[in-house]
Structures are given as structure tokens and as C-alpha cells.
Amino acid sequence: MSSNYSTFLLEKNILYLSTEIDFNSTKSFISTILYLKNKNSNETINLYINGKGSSYYNLFSRYDQIISMHDIINSMKSKLSTLVLGIAFNEMCLISSYGSKDYRYALPSSLLYIDVFMNSIGSSQTSDIGIKKSELYKFNNLIVYEILID
């Protein structure tokens with residue numbers, strides 16, 4: 001029965017993202033975006049979001065997933081409409097900002113939240129902490145740029 005819903009949603013250019021962001025969900029998301037992009041590049045793709053992002057704590061691999069999603073969305077000619085239905089924490093909040101200008105929405109009761117990532121550095125050698133801090137600083141600048149662009 002769920003495949004019938006999935007097929008119907010794809011026919012209407014609708015994606016629903018609610019799973020944790022990991023390698024498999026990223027692969028599925030990107031392949032679906034590529035399918036919809038090639039199906040009809042002039043139609044708006046509607047992305048509905050409700051989720052907490054990722055549950056694993058490996059900071060850099062989870063952002064590899066987000067950056068690859070960001071790159072594929074930026075390569076599209078069609079517009080992307082994003083709508084947050086419930087919660088959008090961390091990576092899901094970033095994905096909600098990928099919608100085209102004037103196509104980013106959230107329901108009034110939605111909650112959008114980006115965590116402070118510096119606490120995920122943990123205990124490491126001083127040189128490792130410096131490298132991780134530099135990478136986090138670059139990624140935080142990317143986040144601010146993406147949210148404020150358009």
C-alpha cells in the first residue's frame with residue numbers, strides 16, 4: 001500500500017522527508033530528486049519536511065550528506081518548494097532553507113532549530129581540535145550564507 005502512496009506522490013512532484021539523514025536516506029533523496037528533475041524540469045518540486053535530522057554523532061560524515069543534497073538541489077533548473085510540517089531540527093532545518101526564493105514555508109506550529117555544533121568536538125588532541133574548529137567555522141559560514149541568500 002505504501003508504494004501506491006509513494007508512486008502517487010512522485011507523479012505529483014511531491015517528496016516527504018522524515019527519516020534520519022544518513023547515507024541511505026541521502027542516496028534515496030538524491031535519486032528521487034534526479035528522477036523528478038529529469039521527468040519535467042519546468043514543474044515545481046514540493047518537499048515536505050518533518051524530522052530531527054540525524055541521530056549519529058559523527059559530525060563530518062553527517063554534513064557530507066547535507067552538502068551533497070545541497071549540491072544536487074542547486075543544480076536543478078526547476079523550483080523547489082519546502083514546507084515544514086512539524087519539526088525541523090539541525091540538518092532538516094538546513095534542508096528547509098534550500099527552497100527557492102518565495103517558496104520556503106513552515107506551518108505556524110512548526111519548530112525549526114539548529115544546534116550548536118561546537119559541543120560535538122569532544123576530547124581530542126589539541127591539533128585535532130584546531131582542525132575540527134576550523135572546519136566547523138567554515139561550515140557555520142556556509143549555513144549562514146544559505147539561510148540568508150535570496
Separation between the Thr7 and Phe89 pseudo-spin-labels, each 7 Å from Cα along Cα→Cβ, expressed in nm? 3.6 nm
Given 0.36 nm per residue, what is the gain on full extension from Ser109 to Ile67 after removing their alpha carbon distance, in nm? 12.4 nm
What is the sum of charges, Lys and Arg at +1 and Asp and Glu at -1, for the other residues whose Cβ falls under 13 Å from the Cβ of Asn42? +3
Could you pull out which residues in region 36-56 have an amide N less than 17 Å from a spot 7 Å beyond the Cα of Asn140, following the Cα-Cβ vector? none
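Only the coordinates and a few stated rules stand behind these numbers; no lab work does. All values derive from a computational prediction rather than experimental measurement. Please note: Cβ atoms are built from the backbone with ideal geometry, for glycine as well, and neighbour counts cover all protein chains shown.
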